[in-house]
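**Student:** Sharing a structure with you now.
Computed from the coordinates by the stated procedures, all read-outs in this text should not be read as laboratory data. Only a predicted model underlies this, so the values are computations on that prediction, with no experimental measurement involved. When we count neighbours, we look across all protein chains shown, and the Cβ atoms used for this are built from the backbone with ideal geometry, even at glycine.
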Amino acid sequence: MQNIILFLAIILLFISCTSDEVLVHPNEKKYDITSYLQELDSSGDNINDDTLLFQIGYQNIYYGKYERGNALIEYALSKRDTITDNDYHAWSVQNTKNGNYKIAIDKLEKAMMINPQRESGYYGWVLLYYYRDYKKALAILEQQDAYTPDFSDAPVGEDIHYLKGLCLMQLKNYQKAVTEFDTYINNLARTHGEDFVDVYTFVQKGRCLTQLGEFDKAINSYKKAIKYYKECTEAYYFMGLTQLEMNKKDSACINLNKALNMIKKRYKSSDTYIEYFHEIYPQQIEENIIKSCK
């Protein structure tokens, strides 16, 4: 009995210590940049130039000196009479790329408070690709779309209807996702031609149609992606999976093997910072071939 009481006392002591640490943590001492400012000054940098200090801080974050870089940017902005949404936006960018999401999201929220119309497109894009907060991303993108009812925005170069479609697809609202993809496809086909549409829109549309059980329409969508980009590995792969659902094993295995051969030749959609929603890897293609085609 004494051992049990002693054990419980130790546990309570541990919890108490942990709680104290949690309470103290938010009030951590800020990074002291005094010596770094002296170093910059002795190197000939104008430490009264807030724009220069911001740039140096940004470079520090880029090279992994997160605490020093963010502290220097904070110091630089403290010298300004007004901080704009562009300032907060720029502060967030490299922090997002380097995975400092807590800092990045805080700065984007501040940018949104100052100028939501200018910032909502980028913020929605970041929420979708980096934070994978699909519900919030969709709400922000809807907000951005409402600002410009007469034309389609393209946050970070991607059509807003395509981005909304991705959010809806990830939220498993496949029918609405297809509607958004079709809006993008039809708008661009009308103004420039269907061959200007990002081919991966057809891939995503096909995946949604497969989930809806509309297999023939899905196959047509994959074929359209291949029509405009013959090396679209992802279209062959997802078409193969759809054909397996249709019990068309021979056709499925042909397309899965095509996808494997193409990805080995490095025909693959990828990005330095994010993983695309249609991104595939050799191992998963091989697994499906072993499972269904051997």
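**Student:** Return the residue satisfying two criteria in turn: it lies in the stretch 100-139 and is assigned to a loop (DSSP other than H, G, I, E, B) and polar (S, T, N, Q), and of such residues it is farthest from the chain's Cα centre (by Cα).
**Tutor:** The qualifying residue farthest from the chain's Cα centre (by Cα) is Asn115.
**Student:** Just checking, how many residues over the stretch 75-98 are of a type in the set (A, V, I, L, M, F, W, C) and over 28 Å from the mean Cα position of the chain (by Cα)?
**Tutor:** Number satisfying all stated conditions: 1.
**Student:** So, one more: Can you find even one residue in the stretch 148-156 that is surrounded by fewer than 18 Cβ atoms within 10 Å (Cβ to Cβ), assigned to a helix (DSSP H, G or I), within 22 Å of the chain's Cα centre (by Cα) and among the small types (Gly, Ala, Ser)?
**Tutor:** No, the conditions are met nowhere in the stretch 148-156.
**Student:** Here are the criteria: (1) of a type in the set (D, E, K, R); (2) touching a residue at least 12 places away in the same chain (Cβ under 8 Å); (3) farther than 29 Å from Lys176 by Cβ. Tell me which single one Asp81 does not satisfy.
**Tutor:** (2)
**Student:** Is there any pair linking a residue in the stretch 37-61 that is farther than 23 Å from Asn100 by Cα to one that is among the aliphatic types (A, V, I, L, M) and in a loop (DSSP other than H, G, I, E, B), with Cβ under 7 Å and at least six apart or on different chains, and which?
**Tutor:** Leu37/Ile47; Leu40/Ile47; Asp41/Ile47
**Student:** With the condition kept exactly as written, say whether any residue in the stretch 167-175 is over 23 Å from the mean Cα position of the chain (by Cα) and buried (at least 22 other Cβ atoms within 10 Å of the Cβ).
**Tutor:** No: zero hits.
**Student:** Do you know which residues across the stretch 259-291 are among the aliphatic types (A, V, I, L, M), farther than 18 Å from Lys230 by Cα and in contact with a helix residue (DSSP H, G or I) (Cβ under 7 Å, 6 or more places away or on another chain)?
**Tutor:** Scanning the stretch 259-291 gives Ile274, Ile285, Ile289.
**Student:** Which condition number does Arg118 fail, the rest of (1) surrounded by 15 or more Cβ atoms within 10 Å (Cβ to Cβ); (2) without any contact (Cβ under 8 Å) to a residue 40 or more places away in the chain; (3) more than 20 Å from Tyr200 (Cβ to Cβ); (4) touching a Phe, Trp or Tyr at 6+ places or on another chain (Cβ under 8 Å) being met?
**Tutor:** If we test Arg118 against (1) surrounded by 15 or more Cβ atoms within 10 Å (Cβ to Cβ); (2) without any contact (Cβ under 8 Å) to a residue 40 or more places away in the chain; (3) more than 20 Å from Tyr200 (Cβ to Cβ); (4) touching a Phe, Trp or Tyr at 6+ places or on another chain (Cβ under 8 Å), just (4) comes out false.
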